[in-house]
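The structure appears below as structure tokens.
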Amino acid sequence: MTQEKPTRREAVSKAVLVSAPEGILVLDAHGLVLLANAQTEELFGYEPDEMIGLHFEALLPEVFREAHRQQTAGSTSVPGLRPARVEMEIPGVRKDGTALLLEMSVSSVDSQDGPLVCCILRKIDESFQSEKARREMEEQFRLMVENSHDILTIRDADAKIRYMSPSINRVLGYTQEQMIGATGFELIHPEDRPTVESALNEFWKNPGARDSIQYRARHANGTWISLEVVAYNLLDHPVIRGVVINGRDISERKHEEAGREQLISDLQEAISKVNSLTGLLPICASCKKIHDEDGKWQQIETYIRERSKVEFSHGMCPECARLWYPDHCE
């Protein structure tokens, strides 16, 4: 009976290794392969005897070897302590140099001769990987759209809104539910609506076109928000079949532009007033009154003050002081 148990245990272990659908590698503490089942040999293209004694890093592209060391560090560093299973995706390299993508589970096992590392390997199907990448990309796009300050809208061929991003609430104070199925044209400022509707009618006739327009839209609180929208006509696109519109709040920019325009206007007015003082200016040689454009005589101070931002303070120069007040000057 004492001889039968090890033999049976070995037979069971061998049966598990042979029948396992995944590749199984057993490594020593230095990363050398002690055991490899047939599925592992199929993954990497080595003959059965070639796998034994091979360092595990030979199965990885060189550029990923250091990263693998860091990921698996500590798996065998504490004898007697059974660490949690480590799951990871790694790139592999076959004997002929071709690449493959693997899903690997790593765990350590104690033995009399020291800790061992057991690796269970599964090849990731390319179609699965492509689907995973697609889902990840869709999730990234969804997060980007939902957290953007711009309003993303998709309109159908009848101009009704099929999709409206959550940012509509941040920008205009409405919910997505309020906008889906509507056109939203009633929110456009009455002065801007004819221009916008005319532009959209023409734009809808040209699949593939891209255009932009600015207009004012009514916020839920009754104020007016200036928007700049860029539209892409994708009605002929086999997947989208709609018009994609990206809208941005430009109210602050419009306010700054209005401020600049007012400043320019003020400067132009000031310059025009300064220019009115150029040219021939009739002045009395005695009292120094100005003969203005209306034929009236004005004090020179009044004339200049009305045509510029100049104020006067009166005094007396030294020559006039000696002329009119000689005693005082002495």
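Need one word for the range 161-251: rounded, prolate or oblate. Basis is the Cα gyration tensor (sqrt eigenvalues a ≥ b ≥ c); a/c below 1.5 gives rounded, then a/b vs b/c decides. Working shown, then result.
Numbers: a/c = 1.98, a/b = 1.36, b/c = 1.45.
Oblate shape, in that a/c is at least 1.5 and b/c is the bigger or equal ratio.
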Check your understanding: What pairs in 160/205; 288/309; 160/254 have C-alpha atoms more than 26 Å from each other?
Key -> 160/254
Study note, to complete from the structure: Gyration tensor (Cα only) of the range 179-330 to equivalent ellipsoid, semi-axes in Å sorted down, yields 67, 16, 13
Exercise for review: Principal axes first, then extents: for the Cα atoms of the range 212-265, list largest minus smallest coordinate on each axis, whole Å, largest first.
Suggested key: 51, 28, 11
Practice item. Write down the Kirkwood hydrodynamic radius of the range 163-210, to one decimal in angstroms, obtained as one divided by the mean of 1/r over all alpha carbon pairs. Key: 12.4 Å
Review point. Once label points are set 7 Å from the Cα along Cα→Cβ at both residue 299 and residue 193, what is their separation, rounded to one decimal in nm?
Key: 5.9 nm
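Heavy atoms only, probe 1.4 Å: what % of the accessible area of the range 200-270 goes to carbon and sulfur, would you let me know? All intermediate terms of the calculation are to be shown ahead of the outcome.
Working: 2360 of 4710 Å².
So the carbon and sulfur contribution to the accessible surface is 50 percent.
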Practice item. Compute the accessible area per residue over the range 191-330, keeping the other protein chains in place, probe 1.4 Å, unit Å². Key: 75 Å²
Check your understanding: Between residue 103 and residue 314, what length comes free when the chain is fully extended (0.36 nm per residue of separation minus the Cα-Cα distance, one decimal in nm)?
Key -> 66.5 nm
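Quick check on packing: order 172-180, 107-115 by the mean number of other C-beta atoms within 10 Å, highest mean leading.
On the way: 172-180: 15.3, 107-115: 12.9.
By packing density, highest mean first, the sequence is 172-180, 107-115.
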Check your understanding: Quick one: if you stick a label point 7 Å off each Cα along the C-beta vector at residue 228 and residue 202, how many nm between them?
Key -> 2.1 nm
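The values are calculated or read from the model by the stated rules, or taken from the named source; none is laboratory data. Being a predicted model, the structure only gives us computed values, none of them experimental. Glycine also receives a Cβ, built like all others from the backbone with ideal geometry; neighbour counts cover every protein chain displayed. Keep in mind that these areas ignore ligands, DNA and RNA; they rest on the heavy atoms of the full protein, side chains included. Shrake-Rupley method; radii C 1.70, N 1.55, O 1.52, S 1.80 Å.
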